[in-house]
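The structure appears below as structure tokens.
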Amino acid sequence: MAGFSRVALIGFGEVGQTLGADILKTGAQVAAFDVLFSKPDSIPSRALANVKVRAAKSATDAVKDAELVICAVTAASDVDAAKSVAPGLPRGAFYLDVNSVSPGVKQTCAKIVEDAGGRYVESAVMAPIGPKRIASSMLLGGPHARDFLEGARSLGFTGAKPF
């Protein structure tokens, strides 16, 4: 599999901004959506001046042509984020869930994504995102983890490995 050229970020806090900035350096197109984009003074809204992603009007707008969707929202919003992208998720798109949530929440999100035709990949980020950025150590799980890694290495996910 070749690398990903169209990526969507759901959540544009610290992790979303960091991953977005690194992915943009590869030449990929990056769209982002955050519920706080509706507030011009929010941290995600202000970050758009520095991280030049396409600010989507909705989650479905962000994912409409994505090959990879990265979900980096607050833990309490993980299920809502999966539900928000499901109607627009392209068939076969990977959905990387980097949120720290319980196994039950990950299973719920996986079902939502898989039922919508996507390929869910769970991730446990093993260190703060700042120092190594997109190359941070991540343990990946689920039936699509290895296939995801084939395309993700070109984006810089060099610290990710399946468990």
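The values are calculated or read from the model by the stated rules, or taken from the named source; none is laboratory data. This one's a predicted model, so the numbers in the text were calculated from it and none came from an experiment. Using ideal geometry, Cβ is built from the backbone for each residue, glycine included, and neighbour counts are taken over all protein chains shown. Calculation scope for accessible area: heavy atoms of the full protein, side chains included, ligands and nucleic acids excluded. Shrake-Rupley method; radii C 1.70, N 1.55, O 1.52, S 1.80 Å.
Numbers for the structure displayed
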item: One residue from ARG91, ARG133 being open to solvent by 30 Å² or more (accessible area, probe 1.4 Å), of a type outside the set (A, V, I, L, M) and not in a helix (DSSP H, G or I); result: ARG91
item: Restricting segment 35-53 to residues that are among the small types (Gly, Ala, Ser) and more than 16 Å from ALA72 (Cα to Cα), the residue that is most open to solvent (accessible area, probe 1.4 Å); result: SER38
item: Hits in segment 104-123 (condition: in a loop (DSSP other than H, G, I, E, B) and over 14 Å from the mean Cα position of the chain (by Cα)); result: ALA116, GLY117
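Matching residues to (1) touching a Leu at 6+ places or on another chain (Cβ under 8 Å); (2) buried (at least 23 other Cβ atoms within 10 Å of the Cβ); (3) basic (Lys, Arg); (4) under 21 Å from PHE12 (Cα atoms):
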{"position": "ALA55", "(1), (2), (3), (4)": "yes, no, no, yes"}
{"position": "ASP65", "(1), (2), (3), (4)": "no, no, no, yes"}
{"position": "ALA72", "(1), (2), (3), (4)": "yes, yes, no, yes"}
{"position": "ALA86", "(1), (2), (3), (4)": "no, no, no, yes"}
{"position": "GLY104", "(1), (2), (3), (4)": "no, no, no, no"}
{"position": "GLU114", "(1), (2), (3), (4)": "no, no, no, no"}
{"position": "SER137", "(1), (2), (3), (4)": "no, no, no, yes"}
{"position": "ALA152", "(1), (2), (3), (4)": "yes, yes, no, yes"}
